[in-house]
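Written out below as structure tokens is the structure these notes cover.
The values are calculated or read from the model by the stated rules, or taken from the named source; none is laboratory data. Source: prediction; values computed, not measured. Cβ placement follows ideal geometry from the backbone for every residue including glycine, while neighbour counts extend to all protein chains displayed. Keep in mind that these areas ignore ligands, DNA and RNA; they rest on the heavy atoms of the full protein, side chains included. Shrake-Rupley method; radii C 1.70, N 1.55, O 1.52, S 1.80 Å.
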Amino acid sequence: HRTMPLSRPTGQIPEATWTLGFREMTEPWKGALGCLGVAVFFAMTIGIISWQALEQSPEEWVLRGRAGGVLWERRRGALLLRALPAGRTAAVVAVGGVPAAEPPPPRDRCWHDGGQFCYAWEEDAELRVSLEPPPAPGTECYGVHWTPLRPDVALKDCFSMANVSWYGGPSVHAQRWPLNGVESPAQPFVSGDFGESPDGYGPVVERYFLGSTGVTVTVAPDVPLFLSLESNRHFCLESPAGRAAVPLGYRLCLTSRAGTRYDPPGLFPPRRSPIWRYHGPEGSATKIKRGLRSLAKRLKRHRLQEGVLALGERCTAVLAAAVRPDHVPLERRKRQDSAGAWDPSLFAPLQLSITLSPYTSIASPLFLRSLRHGQTDGYWLSLQPPVSHPPPPPRPPVPPKPKLKLNNCPQRGATLEAALGWFLARAQRLRQALGAAYVVFEGAEGNALLERAVPPPAELVGDWYTAALAAALATLGNTTIISAGARSSHLPLFVQMSPLRSDWSHAGLKGVIPSVLHYSLLGYNFFIPDAVGGSLAGDALGDPELYVRWLQLATFLPVMAFSTPPWLCCDTWVLNLTRQCIQRHRDFVVPLIIKYSKEWLRLGYPIFRPAWWLSPTDPTAFTIEDEFLIGDEVLVAPITEKGQTWRDIYLPGEGQLWLDTNSARVFDGGTVLRNYSASLTEVPVFVK
């Protein structure tokens, strides 16, 4: 008998046997196997989906630091900034410009570098998140940088307002505090004049946003930026539409001290208050001088003979044409007949303020002298009329819509320094000729170049124009006032606030405190508010109650300004109240401002602070926009509602005590005083 060798299993199915068996199967068995396969397939699919839903987290860390980190949320396609160890979400950033539906899981292309995370949406955009050096102790920062991969990709990141109050950024018409209630379409993030662009952004803008969760958002000045705000939903940073492949970047920081600015100025401007705006005759230098003397006598008669007499641009131009500082040497003017000479000592102890701007008319004496001296080529920019139309006729010396702008742009060989040097030298000579203590410069808004279709060079795009002009004007000394601010809060300049309506709305009295908090948070603590009672026609023009409530509020600001004197507006008791308010400003408010100016210089803290400054974790304090602090020790809560003699007052700082300066009553901090009395002659002020 031959023994068969033991065979080793091969794992293969004999083809002939399998085929024969399959062929012998009946049709019902074939159908049963097919149904079983389909059932197994569906069971596996459902299992995979269930595993993804139950086991796979909707959030995934992309970069983690010590105090927090950045996560990717799959459902919304958003970046989350989360603080550790509490795990609270400080900011939610919805990603725009890349596919939002079914966002892919992040795959780190910078895995070799623990300090950054990289990911690319194929053919759309590339994202890079990186840890960055903090600007101050107690702060952790993350840089977010988007790079479009196609020319038609418009980048847009939106910061949620859900459970977060946002502050900073742009000044807006009818200012609100916080920004959550503002509605604004996407537009260039550039300072502007509300008189020309009511729906645009205002004179003070900074690329700095602060959230009530302790997060700050900062955009570098060289990033082209559009901004939009959708009320109570989000604000969005966007790359400009129609420009090919413009990157978008910003810095997210978690900070332990909200509201801190890290660019304190080198010195602060002196105070001189109040300001009395001149609205008398302006047809000639003689009439202006006569009108100023009359106003000075009235002020002296009413025992208000201190402060500054402020001349507008038209009066300044008339006086400039009379004294001709560019043409007649100062020594020669001193030897001229003094009978009709300009003598500022006639108004003493009142000082004088004049107003200039980089605009003029082609018929103005200034431009004609520049033409004779060969200074027009490179010193001025002009709006050229259309070729098919004849040139317009000459305008009056000071037209309401000037046609020329000082060329602060290098062109045809001229330099920025040359044009500014010529302009500032003329301003200095005019100030000396008129004996003016202060000079106001209007037309510093960055959108002037955009609105007038003057193509600026790259170094003056956006608000670089405002920043460059502010830096140049600061060389004239700390008695200079400028109409706009951007990256210039460190300079010793006053900033003029926008005119407000004579009414009780947020475009009028209610907008004063939000504007004060906005300016101060961004570092512009020395501002000149609009005149008491407002300077634009409104629903309450000539309302004595509005005038009084505005006067009480202005008492606690850096400068008190008047356009309508109290004797023209109201009864005698309002005139007496005005004297009391001016004295209170001089004796009580100015020392406080000087004290906290030193803290501002040392630490960068704002002088005028919101209620949440002392109650940073109380949500009630986040939306209070009708009271403010001077430093940490004085709370001002004026009446801003027509006809009211009472109001609710929030006292910040739990565990602290507040003294009512009117009644000497003491109250606990961290509480709300309901229906607190404040008659027309009183303003609630509390001292800690």
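The numbered conditions (1) open to solvent by less than 30 Å² (accessible area, probe 1.4 Å); (2) part of a strand (DSSP E or B) are all true for SER191 except (2). For segment 70-87, a residue qualifies if it is modelled with pLDDT of 90 or more and more than 21 Å from LEU237 (Cβ to Cβ), and exactly one does: ALA83. LYS642 passes every criterion in (1) surrounded by 16 or more Cβ atoms within 10 Å (Cβ to Cβ); (2) touching a residue at least 60 places away in the same chain (Cβ under 8 Å) apart from (1).
This table checks each residue for (1) open to solvent by less than 10 Å² (accessible area, probe 1.4 Å); (2) part of a helix (DSSP H, G or I); (3) in contact with a strand residue (DSSP E or B) (Cβ under 9 Å, 6 or more places away or on another chain).
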residue	(1), (2), (3)
HIS506	no, no, no
SER515	no, yes, yes
GLY542	no, no, no
GLU545	no, yes, no
LEU553	yes, yes, yes
LEU557	yes, no, yes
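Only one of the numbered conditions (1) surrounded by fewer than 19 Cβ atoms within 10 Å (Cβ to Cβ); (2) in contact with a Phe, Trp or Tyr (Cβ under 9 Å, 6 or more places away or on another chain) is violated by ASN163, and that is (2). You will find that of THR640, THR617, the residue that is among the β-branched types (Val, Ile, Thr), within 28 Å of ASN232 (Cα to Cα) and in contact with an Asp or Glu (Cβ under 6 Å, 6 or more places away or on another chain) is THR640 and no other. Residue check: GLN336 meets all listed conditions (1) open to solvent by 10 Å² or more (accessible area, probe 1.4 Å); (2) modelled with pLDDT under 80; (3) touching a Lys or Arg at 6+ places or on another chain (Cβ under 9 Å) but one, namely (3). For segment 242-263, the candidate set comprises residues that are surrounded by fewer than 18 Cβ atoms within 10 Å (Cβ to Cβ) and more than 18 Å from the chain's Cα centre (by Cα); within that set, the residue that is modelled with the highest pLDDT is PRO247. Within segment 646-658, the set of residues being in contact with a strand residue (DSSP E or B) (Cβ under 7 Å, 6 or more places away or on another chain) and open to solvent by less than 70 Å² (accessible area, probe 1.4 Å) comprises ARG647, ASP648, ILE649, TYR650, LEU651, TRP658.
Filtering segment 166-176 to residues that are assigned to a loop (DSSP other than H, G, I, E, B) and open to solvent by 10 Å² or more (accessible area, probe 1.4 Å) leaves HIS173, ALA174, ARG176. Here ILE582, ILE593 are screened, and the one residue that is touching a Phe, Trp or Tyr at 6+ places or on another chain (Cβ under 9 Å) and closer than 29 Å to GLY523 by Cα is ILE593. Checked against the criterion of being in contact with a helix residue (DSSP H, G or I) (Cβ under 8 Å, 6 or more places away or on another chain) and among the basic types (Lys, Arg), segment 600-616 contains one or more residues that satisfy it. The residues of segment 563-597 that are within 14 Å of VAL532 (Cβ to Cβ), in contact with a helix residue (DSSP H, G or I) (Cβ under 8 Å, 6 or more places away or on another chain) and outside any helix (DSSP H, G or I), listed by number, are THR564, PRO565, CYS570. Can you tell me which residue within segment 463-479, out of those that are of a type in the set (Val, Ile, Thr) and touching a residue at least 60 places away in the same chain (Cβ under 8 Å), is surrounded by the most Cβ atoms within 10 Å (Cβ to Cβ)? Ranking the candidates gives THR466 first. The numbered conditions (1) open to solvent by 30 Å² or more (accessible area, probe 1.4 Å); (2) of a type in the set (A, V, I, L, M); (3) in contact with a Pro (Cβ under 6 Å, 6 or more places away or on another chain); (4) at pLDDT 70 or above are all true for LEU416 except (4). Report whether or not VAL205 is at pLDDT 90 or above, closer than 19 Å to LEU248 by Cα, aliphatic (A, V, I, L, M) and crowded, with 16+ Cβ neighbours inside 10 Å. Considered against the rule, which asks whether it is at pLDDT 90 or above, closer than 19 Å to LEU248 by Cα, aliphatic (A, V, I, L, M) and crowded, with 16+ Cβ neighbours inside 10 Å, VAL205 comes out as yes. Count of segment 594-620 residues, restricted to those that are crowded, with 16+ Cβ neighbours inside 10 Å and under 21 Å from the mean Cα position of the chain (by Cα), is 12. Checked across segment 564-577, the condition of being in contact with a Leu (Cβ under 7 Å, 6 or more places away or on another chain), over 27 Å from LYS642 (Cβ atoms) and touching a residue at least 12 places away in the same chain (Cβ under 8 Å) holds for no residue.
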